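Participant: Below is the structure I would like to discuss, written out as structure tokens.
The values are calculated or read from the model by the stated rules, or taken from the named source; none is laboratory data. In this text the structure is predicted, and so the values were computed from the model without any measurement. Backbone-built Cβ (ideal geometry, glycine too); neighbour counts: all protein chains shown.
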Amino acid sequence: NAGVTQTPKFQVLKTGQSMTLQCAQDMNHEYMSWYRQDPGMGLRLIHYSVGAGITDQGEVPNGYNVSRSTTEDFPLRLLSAAPSQTSVYFCASSRLPGQGGEQYFGPGTRLTVT
Amino acid sequence: GENVEQHPSTLSVQEGDSAVIKCTYSDSASNYFPWYKQELGKGPQLIIDIRSNVGEKKDQRIAVTLNKTAKHFSLHITETQPEDSAVYFCAATSTDSWGKFQFGAGTQVVVTP
């Protein structure tokens, strides 16, 4: 199993540009999430999904969109990039809590918005 | 919503000594408390977790304790080794709102030989 994969690893955007961060998992996990990590602030939840076709907002959803058309993929879209979105982005997936619930993280995407 | 506070923010220990990191949470509905280790340039990795129906869990040199009444849980690392140097995060969620994890701000642990 490849686990959770994220592309790209690094990205530089200009203010106002849009882009999609890709996330895929091959463990047939129902739950997938997107976090951003900023220095001294831990990980903050952006959006999450409890299954294909179902998404919900986390703590910091503004400026980001998600969709979940398949179990495997959970892309994160930045609509109009702003310098405040400079961060490291992590995707994660997990099984249902009754099946263990261990959350697996991808390697991250480092995004810089100039 | 849930709020998780983590202390200390940095922790320096001599190799062989013990390290303790403490977290408090606010939502009494939270019942799942994982701990993650993050090495430089990598994603967080689960090292141990505890559910609210137990008070302590051990895995070799790592243990976690939970006090539901006081709403705090702690990570204990014994006989620390240089490879334990990393950032450690605590988190909390409930099985009723699975996927909505709230993380602490992290603790940078440095183990000096």
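Yes or no, residue by residue, for (1) farther than 16 Å from residue A:93 by Cβ; (2) charged (D, E, K, R):
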site	(1), (2)
A:30	no, yes
A:33	no, no
A:39	yes, no
A:48	no, no
A:60	yes, no
A:71	no, no
A:74	no, no
A:77	yes, yes
A:82	yes, no
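Here is a yes/no grid of residues against (1) crowded, with 18+ Cβ neighbours inside 10 Å; (2) facing another protein chain (nearest Cβ under 10 Å); (3) at pLDDT below 95:
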| site | (1), (2), (3) |
| --- | --- |
| A:64 | yes, no, no |
| A:70 | no, no, no |
| A:76 | yes, no, no |
| A:82 | no, no, no |
| A:90 | yes, yes, no |
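Participant: For the range B:28-113, please list each of the strands (runs of 3 or more DSSP E) lying entirely inside it that holds at least 2 residues being touching a residue at least 40 places away in the same chain (Cβ under 8 Å).
Facilitator: It comes to B:32-38, B:72-77, B:86-92, B:107-112.
Participant: Residues in the range B:70-87: is at least one within 14 Å of another protein chain (Cβ to nearest Cβ) and within 28 Å of residue B:15 (Cα to Cα)? Explain how you work it out, then say what you get.
Facilitator: The first filter runs over the range B:70-87 and keeps only residues within 14 Å of another protein chain (Cβ to nearest Cβ), leaving B:86-87.
Cutting the leftovers down to within 28 Å of residue B:15 (Cα to Cα) gives us B:86-87.
Yes, the range B:70-87 has at least one match.
Participant: Checking the condition part of a strand (DSSP E or B), more than 11 Å from the chain's Cα centre (by Cα) and aliphatic (A, V, I, L, M), which residue from A:60, A:50, A:88 passes?
Facilitator: After applying the criteria, what remains is A:50.
Participant: Pull up the range B:8-26, narrow it to residues that are under 14 Å from residue B:71 (Cα atoms) and touching a strand residue (DSSP E or B) at 6+ places or on another chain (Cβ under 6 Å), then point me to the one that is nearest to the other protein chains (Cβ to nearest Cβ).
Facilitator: Once the filter is applied, the top-ranked residue is B:23.
Participant: Would you mention how many residues in the range B:11-27 are over 29 Å from residue B:97 (Cβ atoms) and not in a strand (DSSP E or B)? Write out each step before concluding.
Facilitator: Let us first name the residues in the range B:11-27 that are over 29 Å from residue B:97 (Cβ atoms), namely B:11-19.
Restricting the remaining residues to those that are not in a strand (DSSP E or B) gives B:15-18.
Of the residues in the range B:11-27, 4 are over 29 Å from residue B:97 (Cβ atoms) and not in a strand (DSSP E or B).
Participant: Any idea which of A:112, A:55 is in a strand (DSSP E or B), surrounded by 17 or more Cβ atoms within 10 Å (Cβ to Cβ) and either among the acidic types (Asp, Glu) or more than 9 Å from chain B (Cβ to nearest Cβ) (or both)?
Facilitator: Within the list A:112, A:55, the selection yields A:55.
Participant: State the number of residues belonging to the range A:57-73 that are of a type in the set (Asp, Glu) and touching an Asp or Glu at 6+ places or on another chain (Cβ under 8 Å).
Facilitator: So the count comes out to 1.
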